[in-house]
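Input: a single structure, listed below in structure tokens.
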Amino acid sequence: MPDLLMLRAQKICAQKKLRFTPNRQYVFQLMAKQKGAISAYDLLEKLKLHDTKAQPPTIYRALDFLLENHFIHRVESINAYLMCDHFGCEHPMQLLICDQCKNVIALSDPVIDDAFLAQAKQSGFKIANKVLEAHGICYNCLTH
Ligand SMILES: [Zn+2]
Ligand SMILES: [Zn+2]
């Protein structure tokens, strides 16, 4: 329900006094309609249908805004973006990426996250940026 998501996003932005510009809202809507992950390039192509003058900085600024406010996630290993199910809050994340259909299953298991952080701490390692992504074939692709 993209419209419902949009209402929730607008509410969060109003509460946090964030500038949810028409452009940011449009990119948000494109993301919400998207099943799985999408690249900035593909988003730009979609944005151009709506705004023929759209340039890469337009899309990157909007994506930065959406990332910063936890509406979307970056999928590092395929250089793409994914709508966040949790919406507007930080959470642990592990991604399962289907190499066939490009669907991305987002897990948010705190136990995995804690174990990972504990292991890093044991090695005396201070994590600045953490990415847990696995590639493979999803159930749908396996059974069809
Ligand atoms: Zn999320
Ligand atoms: Zn698949």
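In summary, the aspartates and glutamates within cross-link reach of LYS33, defined as a Cα separation below 12 angstrom excluding same-chain residues under 8 places away, comprise ASP3.
Give me the Kirkwood hydrodynamic radius of the stretch 94-142 in Å, from all C-alpha pairs, to one decimal place?
Working: mean 1/r = 0.0815 Å⁻¹.
Computed over the stretch 94-142, the radius equals 12.3 Å.
The lysines whose alpha-carbon is closer than 18 Å to the alpha-carbon of LYS121, local same-chain residues fewer than 8 away aside, are LYS130. Computed extension length for ARG8-GLU68: 20.0 nm, one decimal, from 0.36 nm per residue of separation with the Cα-Cα distance subtracted. Extension gain, TYR41-HIS135: 0.36 nm per intervening residue step, less the Cα-Cα distance, totals 31.7 nm. Backbone phi angles across the stretch 97-103, fed through the Karplus curve with coefficients 6.51, -1.76 and 1.60 (θ = phi - 60°), yield HN-Hα couplings of 10, 7, 6, 8, 9, 6, 5 Hz in residue order; Gly and Pro are listed as x. Within the same chain, lysines fewer than 8 places from LYS35 are excluded, and of the rest, those with a Cα less than 20 Å from its Cα are LYS46, LYS48, LYS102. In the elastic network of the chain, a GNM with C-alpha springs shorter than 10 Å, the most mobile of HIS70, HIS91, HIS50 is HIS50.
Its Cα centre serving as origin, the chain has a Cβ charge dipole (Lys and Arg +1, Asp and Glu -1) of approximately 600 debye. The simple Förster model, with R0 at 35 Å and r as the Cβ-Cβ distance, assigns VAL111 and HIS144 a FRET efficiency of 0.65. The value of relative contact order for the stretch 2-83, using C-alpha pairs under 8 Å at least six residues apart, is 31 percent. Computed 3J(HN,Hα) for the stretch 59-65, one whole-Hz value per residue from the Karplus formula 6.51 cos²θ - 1.76 cosθ + 1.60 where θ = phi - 60°, is 5, 5, 5, 5, 5, 4, 4, glycine and proline marked x. Projected onto their three principal axes, the Cα atoms of the chain cover extents of 50, 43, 28 Å, largest first.
Lacking any other cysteine beta-carbon closer than 4.7 Å, the following Cys residues of the chain have no compatible partner: CYS13, CYS84, CYS89, CYS101, CYS141.
Readers should treat all values here as calculations from the given coordinates under stated rules, not as data from a laboratory. This structure is a prediction, so every number in the text was calculated from the model and none was measured. Neighbour counts run over all protein chains shown; Cβ positions are idealised from the backbone, glycine included.
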